[in-house]
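Note sheet for the following structure.
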Amino acid sequence: MKCFKLSILLLTLTFLPIIAFAENPNDKLSIEYLELSKTKETLDMTIETYVQQFSAQNPNADKDKMRESFNAYMGWDVLKAPTIQIVSHTFTENELKDIISFYKSQSGKSYAEKSPQLSAEISKIIAENLQKAMSKSQQPKQQ
């Protein structure tokens, strides 16, 4: 359970820049960017990777409850509005238009298609290394 809570913290910190609120006229462009970049799919795959990782470590864990918990704190429904605001404040209108043009290109479409899986694989490595770090930190120090 400690590992589960630490993973929630890790995922939260990973997406911490996404958790701010404000208003900006770039919102429409930000939404288009987030849709084209498959941000929701990336978050969904990242959460599923964590669910699979933790349930493998604890076969008695309730995957549905774990998934529900992750989604309650880090799912797209929770992060969508603040993410739109962060993107709106991070990029200018021209930058967003250029980024959107890239995502509409053949290379951009390929990148968007591959990004969720890429993020899931990186998250899996992070979760595995977190588990190793937690195991190591819980061992008594040898003198």
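Readers should treat all values here as calculations from the given coordinates under stated rules, not as data from a laboratory. For clarity, every value in this text was computed on a predicted model and none was experimentally measured. Ideal geometry is used to build each Cβ from the backbone, glycine not excepted, and the neighbour counts take in all protein chains shown.
Its alpha carbons give region 49-100 an Rg and a Dmax of 16.7, 51 Å. Checked against a 27 Å cut-off, the cross-linked pairs K63/K141; K28/K65; K65/K141; K28/K114 give Cα-Cα distances beyond that limit for K63/K141; K28/K65; K65/K141.
When all alpha-carbon pairs of region 64-143 are counted, what percent fall beyond 21 Å? Please list the in-between numbers first.
Numbers: 1807 of 3160 pairs.
Summing the P(r) tail past 21 Å for region 64-143 gives 57 percent.
Here region 96-143 is described by how far its Cα atoms reach on the three principal axes: 58, 19, 11 Å, from widest to narrowest. Taking a straight Cα-Cα cut-off under 14 Å and skipping sequence neighbours fewer than 8 places away in the same chain, the aspartates and glutamates within cross-link reach of K124 are D44, E48.
Within region 43-83, find all residues whose amide N lies under 15 Å from a label point positioned 7 Å from the Cα of Q138 along Cα-to-beta-carbon. Under cut-off, by backbone N: 54-61. Counting only Cβ charges, +1 for Lys and Arg and -1 for Asp and Glu, the dipole size of region 35-143 around its Cα centre is about 380 debye.
Per-residue counts of other Cβ atoms within 10 Å, averaged by peptide: what ranking do you get for 36-42, 121-127, 89-95, 133-139, highest first? List each step's numbers first, then the result.
Details: 36-42: 19.4, 121-127: 16.4, 89-95: 13.3, 133-139: 9.3.
Output ranking for 36-42, 121-127, 89-95, 133-139: 36-42, 121-127, 89-95, 133-139.
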